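Participant: Before we start, here is the structure in question, set down as structure tokens.
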Amino acid sequence: MSEEKKVNIIVLVPAGRLPLDIMAAAHRLAEQYGLGVYLTTVQNLRLTGVPQEIAPAIKKELASLGATFKGPGKFLLPKVCAGAEQCNLAVIDTVAMNQKILDKFGDLPNVKAKVKMAISGCPISCSNPKITDIGLMATKKGYEVFVGGKGGPSPKIGKRIAKGADEERVLEIIGELVAFHNRKTEKKQRMFTLLEDSEFPFAEV
């Protein structure tokens, strides 16, 4: 007899804030079916060890509560620090900025995979904006924007392409970067691989 196939279900958690009804349902479903629960480093909720035949029913139940799921072609969810609501060092409301980004770009179709984004409410950079593909770091003088950073065994600090930027300019930059990445990418590709492209739209500042 072949082993029962298991899959993961990844629930997107914008700004790292998990609604209590979705949390409660995930807990109940995990207990009911003996699933694992993993809070990922990019602030998503992953149900692990889900029998493939019941995955659609679990997703349907969670979706009825407003849950959305990771999938191909979806716009990336930024990794977000606590922000001014909870941290006295932060100079912006990171949840509000995250929502502005999702309102503008969240419904973009066919976004290429592999790009990550982070928003930090201050230069302490708890969400690691300097080592992610697109990083936003708020300062008292406006946003600094970094591009092309990455972690892993060969980490790279991103190139700073803006400083003192307001929210409107930050949104413009994100749009240009995502469009450039989509245009230049045929497969999964991190942003740092495109920094030396002759058409890269930004200079280091």
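The values are calculated or read from the model by the stated rules, or taken from the named source; none is laboratory data. Since we're looking at a predicted model, the values are computed, not measured. FYI the Cβ positions are ideal-geometry reconstructions off the backbone, even for glycines, and counts take in every protein chain you see.
Participant: Mind listing just one residue for me: the one in the range 188-198 that is touching a residue at least 60 places away in the same chain (Cβ under 8 Å) and over 12 Å from Val147 (Cβ atoms) and, of those, surrounded by the most Cβ atoms within 10 Å (Cβ to Cβ)?
Facilitator: Gln189
Participant: Of Glu4, Glu31, which residue is at pLDDT 95 or above, of a type in the set (Asp, Glu) and either over 24 Å from Pro109 (Cα atoms) or more than 16 Å from the chain's Cα centre (by Cα) (or both)?
Facilitator: Every option except Glu31 fails the conditions.
Participant: Continuing with the same structure: Could you list all residues from the range 128-157 that are under 15 Å from Lys114 (Cβ atoms), in contact (Cβ under 8 Å) with a residue 12 or more places away in the chain and part of a loop (DSSP other than H, G, I, E, B)?
Facilitator: Correct list: Thr132, Asp133, Gly148, Gly149, Gly151.
Participant: Which one of Val11, Val42, Val50 is in contact with a strand residue (DSSP E or B) (Cβ under 6 Å, 6 or more places away or on another chain), farther than 26 Å from Val115 by Cα and either surrounded by 12 or more Cβ atoms within 10 Å (Cβ to Cβ) or among the aliphatic types (A, V, I, L, M) (or both)?
Facilitator: Result: Val50 is the single residue among Val11, Val42, Val50 that is in contact with a strand residue (DSSP E or B) (Cβ under 6 Å, 6 or more places away or on another chain), farther than 26 Å from Val115 by Cα and either surrounded by 12 or more Cβ atoms within 10 Å (Cβ to Cβ) or among the aliphatic types (A, V, I, L, M) (or both).
Participant: Moving on. Criterion first (at pLDDT 95 or above, surrounded by 14 or more Cβ atoms within 10 Å (Cβ to Cβ) and not assigned by TED's automatic domain parsing to the domain that holds Ala25) does Ile124 satisfy it?
Facilitator: Here the answer is no, as Ile124 does not meet what is asked.
Participant: Another question, if that's okay. In this structure, does Leu47 turn out to be out of contact with any Cys (no Cβ under 8 Å at 6 or more places or on another chain), over 30 Å from Ala179 (Cβ atoms), part of a loop (DSSP other than H, G, I, E, B) and not aromatic (Phe, Trp, Tyr)?
Facilitator: no
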